[in-house]
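Colleague: Input: one structure, supplied below.
The values are calculated or read from the model by the stated rules, or taken from the named source; none is laboratory data. In this text the structure is predicted, and so the values were computed from the model without any measurement. Note that each Cβ is placed from the backbone with ideal geometry, even for glycine, and that neighbours are counted across all protein chains shown.
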């Protein structure tokens, strides 16, 4: 029985992929799916349960493909370079799911900057999306696969499709907060390269799409700008 599917997106760089695979053990209840822009998998790494190469339609298209192919009852998206926090992280997540049967859950996270520093996400996060302004990194999010499929996966129209999906999820169920760290994720990915205005604009579009935006437009954008700025400032202060 496959309980958890791990979906990993890679551009073919060996070192980040090696960090990811070395952070979790082989387990018969866990499948590892790798989706790559390259046509082959490195021969000196443990083979995934499913490898899909030559995927060139973008990150969120690849994530949706992984969602489509996964067999697990739960799913987590870990890009190459992201790491599970500890050897027992997966077993603790599965144990929590069996005990509470949550629909989706969010764990504490550490962010690895490109110069090797760690930022620790606040351990006490609001699990309510106030006007759709809160967000979690997808590496810290575990969700029932059928629920993600029901919601249609990642909306590829949004640059911040992972954030938009969590906004949609929050309208279905409030996530459970796992009281332990689950991931170390690598800063510098696609979403983190957006500037404030790009991020605010994308989150505004998502809120309009899901009907939770503030009016007028300037107030909605101002709220998102202030909270985005404060969030990044807090992360740096806790680094």
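Colleague: Quick one: residue 157 ticks every box in (1) part of a loop (DSSP other than H, G, I, E, B); (2) at pLDDT below 75; (3) exposed (fewer than 15 other Cβ atoms within 10 Å of the Cβ); (4) on the phi < 0 side of the Ramachandran plot except a single one, so which number is it?
Modeller: With (1) part of a loop (DSSP other than H, G, I, E, B); (2) at pLDDT below 75; (3) exposed (fewer than 15 other Cβ atoms within 10 Å of the Cβ); (4) on the phi < 0 side of the Ramachandran plot applied to residue 157, the lone miss is (2).
Colleague: Please specify each residue of region 179-217 satisfying the condition of being over 15 Å from the mean Cα position of the chain (by Cα), at pLDDT 80 or above and either more than 30 Å from residue 22 (Cβ to Cβ) or surrounded by 20 or more Cβ atoms within 10 Å (Cβ to Cβ) (or both).
Modeller: Once the filter is applied, which keeps residues that are over 15 Å from the mean Cα position of the chain (by Cα), at pLDDT 80 or above and either more than 30 Å from residue 22 (Cβ to Cβ) or surrounded by 20 or more Cβ atoms within 10 Å (Cβ to Cβ) (or both), region 179-217 yields nothing.
Colleague: Within region 87-120, which residues are surrounded by 16 or more Cβ atoms within 10 Å (Cβ to Cβ), within 15 Å of residue 20 (Cβ to Cβ) and modelled with pLDDT of 90 or more?
Modeller: 89, 90
Colleague: Look at residue 126 and say whether it is modelled with pLDDT under 85 and loosely packed, with under 12 Cβ neighbours inside 10 Å.
Modeller: Taking the combined requirement at face value, the residue satisfies it.
Colleague: Can you find even one residue in region 86-95 that is more than 27 Å from residue 179 (Cβ to Cβ), part of a loop (DSSP other than H, G, I, E, B) and out of contact with any helix residue (DSSP H, G or I) (no Cβ under 6 Å at 6 or more places or on another chain)?
Modeller: no
Colleague: Restricting to region 22-40, give me the number of residues that are crowded, with 21+ Cβ neighbours inside 10 Å and out of contact with any helix residue (DSSP H, G or I) (no Cβ under 7 Å at 6 or more places or on another chain).
Modeller: Summing the residues that are crowded, with 21+ Cβ neighbours inside 10 Å and out of contact with any helix residue (DSSP H, G or I) (no Cβ under 7 Å at 6 or more places or on another chain) in region 22-40 gives 3.
Colleague: On the given criteria, is residue 62 touching a strand residue (DSSP E or B) at 6+ places or on another chain (Cβ under 8 Å) and not in a strand (DSSP E or B)?
Modeller: Taking the combined requirement at face value, the residue satisfies it.
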